[in-house]
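Peer 1: Submitted below is the structure of interest, expressed as structure tokens.
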Amino acid sequence: MAIRKAEATWNGTLKEGSGTFAGGSGALNGSYTFKSRFEDDMSLTNPEELIGAAHAGCYSMFLSAQLTNAGFPPERIHTTAEVDFGRDDKGPVINKITLHVDAKVPGVDQAKFDELAQKSKEGCPISRALAAVPLELLTKLNS
């Protein structure tokens, strides 16, 4: 398998500085600041939002593979990742990630869908990489 790369640069102090990031493919790049990460500035992104996007994308693909392999090819899987970013006694921390999954999968029943959704929660590579973070899964099946 391939090695994927990304890079980031931070310029200046924590509160007044700013950062940029880029993926090795060139398809992803952006900026972030203290305010976009620790306050409510929604004009730029932040690392936690990027983790959420990566997790949602990985999970959707993994669930698609599980459903297809079980004989239920999905029409659509939409996953939203809510990354709960807070603080503990050591500093900033991701407290929890909640995956909200809304899928249209003809022919599958709720029990089988839930089984495969749970298997995907445990097996997707991003979930495995973030195993130290509590992960909640909420599903909605539209068959």
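Peer 1: Identify the single condition in (1) more than 19 Å from GLU115 (Cα to Cα); (2) outside any loop (DSSP other than H, G, I, E, B); (3) in contact with a strand residue (DSSP E or B) (Cβ under 6 Å, 6 or more places away or on another chain) that TYR59 does not satisfy, given that it satisfies every other one.
Peer 2: Evaluating TYR59 over (1) more than 19 Å from GLU115 (Cα to Cα); (2) outside any loop (DSSP other than H, G, I, E, B); (3) in contact with a strand residue (DSSP E or B) (Cβ under 6 Å, 6 or more places away or on another chain) leaves (1) as the failure.
Peer 1: Any idea which of (1) more than 17 Å from the chain's Cα centre (by Cα); (2) within 25 Å of GLU7 (Cβ to Cβ); (3) at pLDDT 95 or above is the one VAL108 doesn't satisfy?
Peer 2: Unmet condition: (2).
Peer 1: May I ask you to say which residue of ALA117, ALA103, ALA132 is of a type in the set (Gly, Ala, Ser) and part of a strand (DSSP E or B)?
Peer 2: Result of the check over ALA117, ALA103, ALA132: ALA103.
Peer 1: Here is a follow-up. Looking only at residues in region 69-80 that are under 18 Å from ALA54 (Cα atoms) and open to solvent by 30 Å² or more (accessible area, probe 1.4 Å), which one is farthest from the chain's Cα centre (by Cα)?
Peer 2: Out of the qualifying residues, it is ARG76.
Peer 1: I've got another one for you. Those residues that are open to solvent by 60 Å² or more (accessible area, probe 1.4 Å) and among the polar types (S, T, N, Q), I need them from region 81-107; list them, please.
Peer 2: Listed by number, the list holds a single entry, ASN95.
Peer 1: Name the pairs whose Cβ atoms lie under 7 Å apart, with the first residue in region 124-143 and closer than 17 Å to THR98 by Cβ, the second surrounded by 13 or more Cβ atoms within 10 Å (Cβ to Cβ) and of a type in the set (Asp, Glu), and 6 or more positions between them or separate chains?
Peer 2: As it stands, the answer is THR139/ASP114; LYS140/ASP102, since those pairs meet every condition given.
Peer 1: Now for a different question. Starting from residues that are aliphatic (A, V, I, L, M) and out of contact with any Ser or Thr (no Cβ under 7 Å at 6 or more places or on another chain), keep the ones in region 45-68 and report whichever is least open to solvent (accessible area, probe 1.4 Å).
Peer 2: Of everything passing the filter in region 45-68, LEU67 is least open to solvent (accessible area, probe 1.4 Å).
Peer 1: Just give me the residues in region 1-13 being open to solvent by 80 Å² or more (accessible area, probe 1.4 Å), closer than 24 Å to PRO125 by Cβ and free of Cβ contacts under 8 Å to residues at least 12 places away in the same chain, in sequence order.
Peer 2: If the condition is that a residue be open to solvent by 80 Å² or more (accessible area, probe 1.4 Å), closer than 24 Å to PRO125 by Cβ and free of Cβ contacts under 8 Å to residues at least 12 places away in the same chain, then MET1, ILE3 are the ones that fit.
Peer 1: Only residues that are open to solvent by 60 Å² or more (accessible area, probe 1.4 Å) and out of contact with any helix residue (DSSP H, G or I) (no Cβ under 9 Å at 6 or more places or on another chain): list them for region 14-44, please.
Peer 2: Matches in region 14-44: THR20, GLY24, SER25, ALA27, ASN29, LYS35, PHE38, GLU39, ASP40.
Peer 1: Now, a different point. Pairs, please: C-beta under 8 Å, at least 6 apart or cross-chain, first residue over 15 Å from ALA54 (Cα atoms) and in region 15-27, second hydrophobic (A, V, I, L, M, F, W, C) and surrounded by 10 or more Cβ atoms within 10 Å (Cβ to Cβ)?
Peer 2: From residues that are over 15 Å from ALA54 (Cα atoms), the pairs are LYS15/PHE34; GLU16/PHE34; GLY17/TRP10; GLY17/PHE34; SER18/TRP10; GLY19/ALA8; GLY19/TRP10; THR20/ALA8.
Peer 1: Which one is surrounded by the most Cβ atoms within 10 Å (Cβ to Cβ) among residues in region 110-143 that are hydroxyl-bearing (Ser, Thr, Tyr) and within 17 Å of PRO74 (Cα to Cα)?
Peer 2: Taking the candidates together, the pick is SER120.
The values are calculated or read from the model by the stated rules, or taken from the named source; none is laboratory data. Quantities reported herein were computed from a predicted structural model and do not represent experimental measurements. Note that we place each Cβ from the backbone using ideal geometry, even for glycine, and neighbour counts take in every protein chain shown. To get the accessible areas, we keep the full protein, side chains included, count just its heavy atoms, and leave off ligands, DNA and RNA. Shrake-Rupley method; radii C 1.70, N 1.55, O 1.52, S 1.80 Å.
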